[in-house]
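What follows is a set of notes on a single structure, which appears directly below.
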Amino acid sequence: MTTATLSGTTVDVDAEGFLTDPAEWTEELAAAIGRENGIPELTPRHWQVVNYMRTTYLDTGQAPSIRSLGKQSGVPIKELYALFPKGPAKLAAKIGGIPKPRGCI
Amino acid sequence: MTITDHDLAQLTAPAAETEPKTIEKVSIVISKGSLEGVYPGLIMANGARMEGIETNVFFTFFGLDAITRKRQAHIKVATVGNPGMHLPTVVGAIPGMSWAATKMMARKMEKLDIPPVPEFVEMIADSGAGIYGCQATVDMFGLRDEDFVPQVTGVLTVGEFYELAAGGEIVFT
């Protein structure tokens, strides 16, 4: 395990930069992870996706699939990719401070 | 011991690139029209977009059924000539077997949140992947533009496909 320092806080991350403890997450941290991953500012639409990812993970222990993300987050697939061009599920999980989704869909 | 030209070439060759490489672009060919022939390519295409990889999907031969309006929703598991089904051929040939196997598979996939073919193709197109038909197959089956689902970006010749695939990986399924 390694640590990363983002916006002045040191957190534990895995090799790909995903937080290993969701409890260490803060909103400031989310913004900093976003900036590091090519999203200069998190808009309310970004937040809607990130919050849905994080809440689903904390409630169920599993990150949602891209299919349910498109159906249930309130942000359709097309827009998801416009918001997170480098992979919506992966990036929203990273910004939301939860582990990288392991599903194939 | 003598040193051959081959040895010399090896000694003077530049060291292999050590930079970790990532896949930036992929072109997936779907050539089969059975359920088990179509899904792997769709899953790989969707998965590529999920990783932020530029993706094109090229449907050829019976694979074209997956983007054909009338056939897209009726793609079935092959229960005959498919050793993976572990069914004797005569059993697989009983009327309704393919239908039943397809139903069963669909239920299992729904549980895993894998969408049915029409929704899957739409999802992949919405993710920004290009969806293409193969010109030779279109000519052979006598298909017209209106036979295709609206997500189809265009129909390409093999040459155009290679142009489109340039600079990326090609996966044939």
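General remarks:
- Flag for B:A48 being modelled with pLDDT of 95 or more and away from every other protein chain (no Cβ under 14 Å): no
- Among the residues of the stretch B:60-97, those identified as surrounded by 12 or more Cβ atoms within 10 Å (Cβ to Cβ), of a type outside the set (A, V, I, L, M) and more than 22 Å from the chain's Cα centre (by Cα) are B:T89, B:G92.
- Residues that are aliphatic (A, V, I, L, M), closer than 12 Å to A:I105 by Cα and either surrounded by 13 or more Cβ atoms within 10 Å (Cβ to Cβ) or in contact with a Cys (Cβ under 7 Å, 6 or more places away or on another chain) (or both), drawn from the stretch B:98-126: B:M109, B:I114, B:M123, B:I124
- Annotation: of all residues in the stretch B:36-54 being under 11 Å from the mean Cα position of the chain (by Cα) and within 30 Å of A:N37 (Cα to Cα), the one that is surrounded by the fewest Cβ atoms within 10 Å (Cβ to Cβ) is B:P40.
- The residue of the stretch A:93-105 that is nearest to the other protein chains (Cβ to nearest Cβ), among those that are part of a loop (DSSP other than H, G, I, E, B) and either closer than 20 Å to A:E28 by Cα or among the β-branched types (V, I, T) (or both), is A:I105.
- Candidate set: the stretch B:127-154, residues that are of a type in the set (S, T, Y) and buried (at least 18 other Cβ atoms within 10 Å of the Cβ); chosen: the one farthest from the chain's Cα centre (by Cα): B:S127
- Some residue of the stretch B:113-135 being over 16 Å from B:L42 (Cα atoms) and touching a residue at least 12 places away in the same chain (Cβ under 8 Å): yes
- Residues of the stretch A:70-83 satisfying the condition of being within 15 Å of the chain's Cα centre (by Cα) and more than 10 Å from chain B (Cβ to nearest Cβ): A:S73, A:V75, A:L83
The values are calculated or read from the model by the stated rules, or taken from the named source; none is laboratory data. All values reported here derive from a predicted model rather than from experimental measurement. Positions of Cβ are backbone-derived with ideal geometry, glycine not excepted, and every protein chain shown enters the neighbour counts.
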